[in-house]
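The values are calculated or read from the model by the stated rules, or taken from the named source; none is laboratory data. Because the structure is a prediction, the values reported are computed rather than measured. With ideal geometry, Cβ positions are generated from the backbone for all residues, glycine too; neighbour counts draw on all protein chains shown. These accessible areas exclude ligands, DNA and RNA; they are computed on the full protein's heavy atoms, side chains included. Shrake-Rupley method; radii C 1.70, N 1.55, O 1.52, S 1.80 Å.
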Amino acid sequence: QVQLVESGGGLVQAGGSLRLSCAASGRPFSSTAMGWLRQAPGKEREFVAAINWSGSITYYADSVKGRFTISRDNAKNTVYLQMASLKPEDTAVYYCAADRIVRSTTTGWGYWGQGTQVTVSS
């Protein structure tokens, strides 16, 4: 089992920045791929970014490429999502996810956090 706890969400103006964190426990973090996904009201969950166990492979959705950066600190069992140039359409609940294999899809992730709300005002 893997437990994931997100933090760092909040309200920010368009053009601003936020950093989300996800603390993991229960499985060797250094061998676990991590991802961020989001779900806006009335929409399906969508992939945002993912990173492999070492940080050597990252994937991004086209909608966030160049604005968001995923990173990890294996010593702290934490994955981050640095979000910049935020837009109102980035408003969503952001979920942290984990699995053995890094993927750029919404499905297939074995473990999920409870989510953290990000609201971007115009």
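Annotations
- You will find that of V118, V64, V48, V79, the residue that is closer than 14 Å to A24 by Cα and surrounded by 19 or more Cβ atoms within 10 Å (Cβ to Cβ) is V79 and no other.
- Filter result (open to solvent by 50 Å² or more (accessible area, probe 1.4 Å) and of a type outside the set (S, T, Y)) within region 51-61: W53, I57
- When G35, G26, G15 are checked against the criterion of being surrounded by fewer than 21 Cβ atoms within 10 Å (Cβ to Cβ) and modelled with pLDDT of 95 or more, a single residue qualifies: G15.
- Which numbered condition Q114 fails, given (1) closer than 14 Å to L4 by Cβ; (2) assigned to a strand (DSSP E or B): (2)
- Any hit, region 10-18, residues being hydroxyl-bearing (S, T, Y) and without any contact (Cβ under 8 Å) to a residue 60 or more places away in the chain: no
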